[in-house]
Amino acid sequence: MRELGLDDRFDLAPFVKEARGVVDPLAAAFERYYLAQVSGWTEESPEQRPRMLPDLFGEIRAKYRSKLRPAEERFVLMDGMRWDTWTRLREGLLPRLSASYRVIEEVALWSRYPTTTQVQLEGAGIHLPSISLAAESPEPFGPARRGPAIPGFHRLSGPNGEAIDRLNLVDEKIHESTAALADLNREIDLHARRTLAVALEEARPGTLVFVFSDHGFREDRRWTPADRHRLPRYAHGGASPWEVITPLAVLYRS
């Protein structure tokens with residue numbers, strides 16, 4: 001409404017209050033459930049837990065290898081990207097690309113607790129590549145990408161030696177910004193056109209691209225401009241659904 005210049009014509013406060021009356025109890029119930037269950041979720045019993053980041057490099061990857069037989073695979077980690085952030089990128093960024101992509105599937109992955117980058121990467125076996133990894137034989141589905149990372153990205157290594165391009169765009173923004181959520185998303189969208197778009201454009205036809213996140217983020221609704229130099233407006237590490245449930249987008253360049 002603000003972007004359209006209509007915010008002073010319509011009073012949205014009653015609608016916001018009504019929506020929060022629905023969402024807040026659901027979010028609180030989610031946190032209670034998650035904290036009660038997460039300690040019992042193990043890698044050895046995936047059928048007893050939601051899908052989590054380690055499943056990307058096992059069951060999920062195997063499924064699409066078998067189904068699509070891609071010429072190459074790419075893994076792009078968007079640190080801090082929550083579901084609504086990805087939705088905006090999917091709707092605003094993908095149609096702008098000269099490369100043609102199909103969204104094969106969007107999978108909800110659940111983060112470990114606490115929802116920090118270190119906990120997620122360690123739990124999934126993601127780490128900085130070593131010299132020994134660089135000497136390993138190439139993947140059977142095209143050459144492994146072990147050269148320098150794309151500008152703006154950092155190169156990580158997956159549990160099986162996969163080359164992962166990590167973009168810290170979202171995480172940096174949420175730790176630095178005090179802008180409203182709509183403005184924060186706009187900034188992320190603009191920067192993604194110079195970073196994520198480059199990574200997607202350079203993939204050759206027949207490439208399977210997994211765009212995924214490690215954790216999301218939450219907004220402190222009690223935050224006011226008076227807190228600008230004292231408290232962060234956005235954070236992660238907690239058990240809210242916005243921090244725990246993250247998107248995995250399975251893309252295929254045709």
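The values are calculated or read from the model by the stated rules, or taken from the named source; none is laboratory data. The structure presented is a predicted model; accordingly, all values stated were derived computationally and were not measured. Note: ideal-geometry Cβ built from the backbone for every residue, glycine included; neighbour counts use all protein chains shown.
Looking at region 174-190 only, could you name the residues that are of a type in the set (A, V, I, L, M, F, W, C), free of Cβ contacts under 8 Å to residues at least 40 places away in the same chain, within 18 Å of Pro225 (Cβ to Cβ) and part of a helix (DSSP H, G or I)? The one that is of a type in the set (A, V, I, L, M, F, W, C), free of Cβ contacts under 8 Å to residues at least 40 places away in the same chain, within 18 Å of Pro225 (Cβ to Cβ) and part of a helix (DSSP H, G or I): Leu181. You will find that of Arg69, Arg102, the residue that is at pLDDT 95 or above, over 18 Å from Gly216 (Cα atoms) and over 20 Å from the mean Cα position of the chain (by Cα) is Arg69 and no other.
Here Ala28 meets each of (1) part of a helix (DSSP H, G or I); (2) in the same structural domain as His215 (by TED's automatic domain parsing) with one exception, condition (2).
Scanning region 191-219 for residues that are among the aliphatic types (A, V, I, L, M) and either part of a loop (DSSP other than H, G, I, E, B) or free of Cβ contacts under 8 Å to residues at least 12 places away in the same chain (or both) yields one hit, Ala203.
Mind listing whichever residues of region 224-240 are in contact (Cβ under 8 Å) with a residue 12 or more places away in the chain and assigned to a loop (DSSP other than H, G, I, E, B)? Listed by number, the residues that qualify are Arg228, Pro232, Arg233, His236, Gly237, Gly238, Ala239, Ser240. Screening Arg145, Arg166, Arg112 for residues that are modelled with pLDDT under 95, surrounded by 13 or more Cβ atoms within 10 Å (Cβ to Cβ) and among the basic types (Lys, Arg) leaves exactly one candidate, Arg145. Between Glu176, Glu202, the distinction of being within 18 Å of Arg74 (Cβ to Cβ), assigned by TED's automatic domain parsing to the domain that holds Ser98 and loosely packed, with under 15 Cβ neighbours inside 10 Å belongs to Glu202 only.
Please go through region 16-34 and give me each residue that is within 21 Å of the chain's Cα centre (by Cα) and not charged (D, E, K, R), ordered by number. Of everything in region 16-34, those that are within 21 Å of the chain's Cα centre (by Cα) and not charged (D, E, K, R) turn out to be Ala27, Phe30, Tyr34.
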